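A.B. asks: One structure, pasted below without further comment.
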Amino acid sequence: MSLCKVTLIGNLGRDPEMRYTPDGRPVTQFSVAVNRNTKTQSGEWLEETEWFRITVWGNQAERTAENLRKGSRVYVEGRFRTREWEAQDGAKRTALEVTADNVINLERRPREEGEGSFAAPGAERPGADRPGADRPGADRPGERPASPAPAGGFRGGTDDTELDDLPF
């Protein structure tokens, strides 16, 4: 058995570009910047940025192109793919790209009037003016709101109980 899996959380470096293959299959490409802070020997903090080229195929390619914009925070799950080509100067080039199986927009959508409300239209929800009141569980003190889980059960938390469910 073999496994090649990549998980990234970062920000789009440019708007997604969608096109269609000659047989009509949609494909969308974009880049994701992943930042990492490291400390130098002198104690200074440096921010390193790694860039990844992402390719999405099929229906998800269309949804990605419609819903994501430059700067959007995304969760990308997929696999590495090596692409080789010959440059104009004749030199052979190689690039490591990610073919995405799952792309999730981590940005909060701006709410439209009445959208997503559990109350009747025009009725005010208790605590709706509090920061975070639109998150599940936010109106129950002492409870941690559940974060939406992307495919594969990833929740982004650090509870040891979540790590117990991993298959390895």
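The values are calculated or read from the model by the stated rules, or taken from the named source; none is laboratory data. Keep in mind it's a predicted model, so treat the numbers as computed, not measured. No Cβ is skipped: glycine too gets one built from the backbone with ideal geometry, and neighbour counts run over all protein chains shown.
A.B. asks: Exactly one of (1) within 13 Å of VAL103 (Cβ to Cβ); (2) in a strand (DSSP E or B) is unmet by ALA65. Its number?
C.D. replies: ALA65 satisfies every listed condition except (2).
A.B. asks: Does at least one position in segment 86-94 carry a residue that is of a type in the set (A, V, I, L, M, F, W, C) and part of a strand (DSSP E or B)? First the steps, then the outcome.
C.D. replies: Let us first name the residues in segment 86-94 that are of a type in the set (A, V, I, L, M, F, W, C), namely 87, 91.
Imposing the further condition that a residue be part of a strand (DSSP E or B) reduces the set to none.
Scanning segment 86-94, I find no residue that is of a type in the set (A, V, I, L, M, F, W, C) and part of a strand (DSSP E or B), so the answer is no.
A.B. asks: Among VAL74, VAL6, which is the only one that is closer than 18 Å to ALA95 by Cα, touching a residue at least 60 places away in the same chain (Cβ under 8 Å), buried (at least 16 other Cβ atoms within 10 Å of the Cβ) and touching a strand residue (DSSP E or B) at 6+ places or on another chain (Cβ under 9 Å)? If you could, list the steps in order and put the result at the bottom.
C.D. replies: Numbers: VAL74 fails: closer than 18 Å to ALA95 by Cα.
The conditions single out VAL6.
A.B. asks: Of GLU107, GLU97, GLU113, which residue is surrounded by fewer than 10 Cβ atoms within 10 Å (Cβ to Cβ) and at pLDDT below 95? Outline the logic, then answer.
C.D. replies: Details: GLU107 fails: surrounded by fewer than 10 Cβ atoms within 10 Å (Cβ to Cβ); GLU97 fails: surrounded by fewer than 10 Cβ atoms within 10 Å (Cβ to Cβ).
The match here is GLU113.
A.B. asks: Let me ask something else. Within segment 36-48, does at least one residue satisfy the condition of being surrounded by fewer than 15 Cβ atoms within 10 Å (Cβ to Cβ), modelled with pLDDT of 95 or more, not in a loop (DSSP other than H, G, I, E, B) and not β-branched (Val, Ile, Thr)? So that I can check it myself, show each step before the final result.
C.D. replies: Initially, segment 36-48 is screened for residues surrounded by fewer than 15 Cβ atoms within 10 Å (Cβ to Cβ), giving 36-48.
Pick out the ones that are also modelled with pLDDT of 95 or more and you get none.
So far as segment 36-48 goes, no, none of its residues is surrounded by fewer than 15 Cβ atoms within 10 Å (Cβ to Cβ), modelled with pLDDT of 95 or more, not in a loop (DSSP other than H, G, I, E, B) and not β-branched (Val, Ile, Thr).
A.B. asks: Return the total of residues in segment 96-108 being more than 20 Å from LEU3 (Cα to Cα) and more than 11 Å from the chain's Cα centre (by Cα).
C.D. replies: Filtering segment 96-108 down to residues more than 20 Å from LEU3 (Cα to Cα) leaves 104-108.
Still in the list and also more than 11 Å from the chain's Cα centre (by Cα): 108.
Matching residues across segment 96-108 total 1.
A.B. asks: Let me ask another. When THR64 is evaluated against the numbered criteria (1) modelled with pLDDT of 95 or more; (2) buried (at least 16 other Cβ atoms within 10 Å of the Cβ), which criterion, by number, is the only one it fails?
C.D. replies: (1)
A.B. asks: Can you find, within segment 80-94, the residue that is modelled with the lowest pLDDT among those that are farther than 15 Å from SER31 by Cα and surrounded by 10 or more Cβ atoms within 10 Å (Cβ to Cβ)? Break it down stepwise before answering.
C.D. replies: As a first pass, look at segment 80-94 and keep what is farther than 15 Å from SER31 by Cα: 82-94.
Within this subset, residues satisfying the condition of being surrounded by 10 or more Cβ atoms within 10 Å (Cβ to Cβ) are 83, 93.
Numbers: ARG83: 85, ARG93: 89.
Among those residues, the one meeting the criterion is ARG83.
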